[in-house]
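Here is the structure we will look at.
The values are calculated or read from the model by the stated rules, or taken from the named source; none is laboratory data. Here the structure is a predicted model, which is why all the values come from computation and not from measurement. As a convention, Cβ positions derive from the backbone with ideal geometry for all residues, glycine included, and neighbour counts pool all protein chains shown. Just so you know, the surface numbers come from the protein's heavy atoms only, side chains and all, with ligands and any DNA or RNA stripped out. Shrake-Rupley method; radii C 1.70, N 1.55, O 1.52, S 1.80 Å.
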Amino acid sequence: MKVLVIGGGGREHALAWKLRQSEGVSQVFVAPGNAGTARDPGLHNLPVTDKVALREWAQANGIGLTVVGPEAPLAAGVVDEFRAHGLPIFGPTRAAAQLESSKAFSKAFMQRHGIPTARYQTFTDAAQAHAYVQAEGAPIVVKADGLAAGKGVVVAMTEEEAHEAIDFMLLDNKLGVAHNEGGARVVIEEFLVGEEASFIVLCDGEHALALATSQDHKRLLDADQGPNTGGMGAYSPAPVVTPEVHERAMNEVILPTLRGMAADGLPYTGFLYAGLMITPDGRVKTLEFNCRMGDPETQPIMMRLRSNFAQVLLAATRAELDGVQLDWDPRVALGVVLAAAGYPLNPRKGDAITGLPADEADRMVFHAGTTEVGNEVQVSGGRVLCVTALADSVAKARERAYAVADAIRFDGAQFRRDIGHRAL
């Protein structure tokens, strides 16, 4: 079977890397891919991003399974396009993907179906948003309503920060985010106290199959300081997701979401990522939904997965997940993201990357914002690489990952030194 992975980031490199290990898979194509997928002899880059062109290429080349990595193609309706022509594709439809593409849709959905989340209000008028912040006080959370590549959330610890975020998102719209009806819109919600975890499942419209637990590190700097990013590192498993928390996440968040989407006429298939806040007393609240696997959580999760991933995803496209069990490596996987100079707001491109090691089964450098120029690998995006290692403990996995990260060089490289600190 030939497999197509849509996307070009670190998540897609990890998905393609795992899929090519699946028995029965003859070729894996990545559209458009990056320098890491280009340099892997088992993967083939495809310089196509248009959904119709991708569908036509998949038809012409006998693609047996397509897997969508990032959010933008989902919001553009690539799943609808493929399904309309009978092609197996794993991901939600454009309408179902509003769970991620519209924060306002997602919050209203959760409120309507009794899914635990933070109190909130939605605004298009800046003056009304400012008045709400003055009434509520800080800390408070301001979110751009639309796709912002993981950078559309400001956790404002002061009212001044919240007012700045409102002006940035609504008046200036510096993120360039437009909600589904056009224009800029923000969701302002209460600040929740606790520990965050990434809870990711596979969905087939009716059934959900949980992946290994993981925890991301959103802030740019050590000790969770600095601006929010798309994610600076992750590890799996996440000790904060105890068996009790796991059960609550499934019964109070995931399964009600599947039932709610079906009841609303939007049956959900694909990856579903629930960003959870686990409160000090063990309750679970939903911070956000993503309609894809997290990045960088995908990299450690894929390192630990032992099952035939292609067959699992095919079962999901056939609504047969209820009969599937996943096999996991019991070791810890930890990934450290190396980001470009100027990330997250103004990442610099074009810097040459050196010191990249050969791939190993239990130590991988997954590429994200990279491109090949001649024989040179160069920076082409904000998050550049994710160095991921497997070991018997968090401490050993971290030691292995940082040994590789320290040997990789590009001008202005920045990365956190404390990935996994909550588990140590």
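Data overview
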quantity: Under 21 Å from the Cα of Lys143 - lysines, other chains or at least 8 residues apart; calculated: Lys103, Lys107, Lys151, Lys174, Lys218, Lys285
quantity: Of Phe199, Phe109, Phe90, the one that fluctuates the most in a GNM where the chain has Cα springs shorter than 10 Å; calculated: Phe109
quantity: Accessible surface of the chain, 1.4 Å probe, proportion on carbon and sulfur as whole %; calculated: 48
quantity: Cβ charges +1 (Lys, Arg) and -1 (Asp, Glu), total dipole of the chain, debye; calculated: 600
quantity: Global form of segment 270-360, assessed from the alpha-carbon gyration tensor, a/c cut-off 1.5; calculated: oblate
quantity: Residue-normalised accessible area of segment 126-276, expressed per residue, 1.4 Å probe, Å²; calculated: 38
quantity: Helix runs (DSSP H) in the chain reaching 24 Å along axis by Cα, Kyte-Doolittle at least 1.0; calculated: none
quantity: Residue of Leu202, Leu19, Leu46 that the Gaussian network model of the chain assigns the largest fluctuation, springs spanning Cα pairs under 10 Å; calculated: Leu46
quantity: Expected 222 nm ellipticity per residue - DSSP helices of 4 or more, -39500 (n - 2.57), all of the chain, to 500; calculated: -7500 deg cm²/dmol
quantity: Distance between segment 75-123 and segment 259-319 - C-alpha centres, whole angstrom; calculated: 13
quantity: Cβ-based charge dipole, segment 332-424, positive-most Cα from Val336, Ile419, Ser380; calculated: Ile419
quantity: Descending Cα extents along the principal axes, the chain, whole Å; calculated: 58, 47, 41
quantity: Karplus-derived HN-Hα couplings along segment 349-355 (A = 6.51, B = -1.76, C = 1.60, θ = phi - 60°), whole Hz, x at Gly and Pro; calculated: 10, x, 5, 6, 10, 10, x
quantity: Choice from Thr158, Thr257, Thr370 with maximal GNM fluctuation in the chain (Cα, 10 Å cutoff); calculated: Thr158
quantity: Anisotropy class of segment 152-271 from Cα gyration tensor, a/c 1.5 cut; calculated: oblate
quantity: Largest-first ellipsoid semi-axes for segment 38-146, taking √(5λ) over the Cα gyration tensor eigenvalues, angstrom; calculated: 39, 16, 12
quantity: Alpha-carbon spread of segment 1-94, three principal axes, descending order, Å; calculated: 32, 25, 19
